[in-house]
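Below you'll find the structure, written out as structure tokens, and then a few comments.
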Amino acid sequence: MKKDRRIIHLDLDAFYCAVEEQRRPDLRGKPFAVGGRPEQRGVVASCSYPARSFGVRSAMPMGRALRLCPDLEVLSGDFAAYAKESKKVMARLENVTPLVEQLSIDEAFLDVTEIDEPAEILARRLQQQIRTELELPCSLGLASNKLLAKIANDFGKSQAVGGSPPNALTIVPKGTEAEFLAPLPVRSLWGIGPKTEARLAELGIRTIGDLAASDRGLLAEIFGKHGRDMVQRAQGIDESPVVVDREAKSFSQEVTFSKDVRSATRLQAEVNRQALHLGRVLQRRGKAAVTVRIKVRWPDFQTLTRQVTFSIPTASGEAIAGHAWQLLSAVWQPGRPVRLIGVGVSGLVDPPRQMTFLDAE
């Protein structure tokens, strides 16, 4: 049976400012902005949440930002540092699933449909991991497609109050899409800017619910194909896939246990879960692997990896699980606590073509 899609949209909260606060903890709780100098007609690239309480916003002229908040500290920014931190975030997303579509330096979609774990638990753990390991706040939207996940995240972030990052997690359960979308303004949808919003208002269409109930033919006459697309999106329909921009060279999974694990049964179950997931990923991507590796971290944070390479490529989750468990058994003594366990595959190739009678000629 085909699984219901589960898509996560992740957005790092005031990303540039969060990185600056890592470097300068004295900035925490203060109004500051990253961007160009006001005397050079610079604009705000990012601003802290205390600055936002004064009305400062991204893309605002820095001169106006300083008029709204005279105590605003202006930083020129270090984009090499931001790119470095972004890579760390994306690496953690790819540890969850190889199906990651990076939209920008601080934003990405993840397709977690094939992961055998409640998506809400996965999302909360990912949010906590990025917060604790990288000291970066982030907000997530979880829904059945990319459109809804993005709108859910934008909505959750908009509900934040006070001078702190929202750290929001907004979930649209399956079957509630129309109910969630209906009261939102039409500008929440992709592809609807101020001009289209104003034209729709002239037609009495102000909310997504209004748009969903509109005559698609009439809107097509006014807006062309865009009119039909708007109604479809207003109904919560979006089949667009999560697009991975680059060809992956390896896939991996790992989990940090909330409490150290000593049980062989539980460790083997986790290895099997990760391996079976990787097998499904390989099959879906039309690939096979020649190398299986494990990653183990002990409670003292000592980490080791082991791998095995074989002559016949495989995309079988069961085969990956067998190799991974053998690797783990060689380094783990029964009863020894384990903090983290991971399974990965690499050396990706096209799967071997099955022989036919013609091959035997």
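Tabulated data
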item	result
Given (1) open to solvent by less than 50 Å² (accessible area, probe 1.4 Å); (2) over 30 Å from residue 23 (Cα atoms), number of the condition residue 160 does not satisfy	(2)
Subset of the range 108-135 (residues that are open to solvent by less than 50 Å² (accessible area, probe 1.4 Å), acidic (Asp, Glu) and either modelled with pLDDT of 95 or more or part of a helix (DSSP H, G or I) (or both))	111
Residue within the range 188-196 that is touching a strand residue (DSSP E or B) at 6+ places or on another chain (Cβ under 7 Å), of a type outside the set (Phe, Trp, Tyr) and open to solvent by less than 10 Å² (accessible area, probe 1.4 Å) present	no
Pairs, first surrounded by fewer than 17 Cβ atoms within 10 Å (Cβ to Cβ) in the range 220-232, second not in a helix (DSSP H, G or I), C-beta under 7 Å, six or more apart	226/191
Hey, residue 290 buried (at least 16 other Cβ atoms within 10 Å of the Cβ), over 30 Å from residue 180 (Cα atoms), in contact (Cβ under 8 Å) with a residue 60 or more places away in the chain and in contact with a strand residue (DSSP E or B) (Cβ under 8 Å, 6 or more places away or on another chain) or not	no
Residue 323 vs. criteria of a type outside the set (D, E, K, R), open to solvent by 30 Å² or more (accessible area, probe 1.4 Å), assigned to a helix (DSSP H, G or I) and under 23 Å from residue 98 (Cα atoms)	yes
Strands (runs of 3 or more DSSP E) contained entirely in the range 1-104, each with at least 3 residues that are surrounded by 20 or more Cβ atoms within 10 Å (Cβ to Cβ), among the hydroxyl-bearing types (Ser, Thr, Tyr) and out of contact with any helix residue (DSSP H, G or I) (no Cβ under 7 Å at 6 or more places or on another chain)	none
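The values are calculated or read from the model by the stated rules, or taken from the named source; none is laboratory data. Source: prediction; values computed, not measured. A quick note on method: Cβ atoms are made from the backbone with ideal geometry, for glycine too, and the neighbour counts reach across all protein chains shown. The protein model used for the area step is the full one, side chains on, heavy atoms only, and it has no ligands, DNA or RNA in it. Shrake-Rupley method; radii C 1.70, N 1.55, O 1.52, S 1.80 Å.
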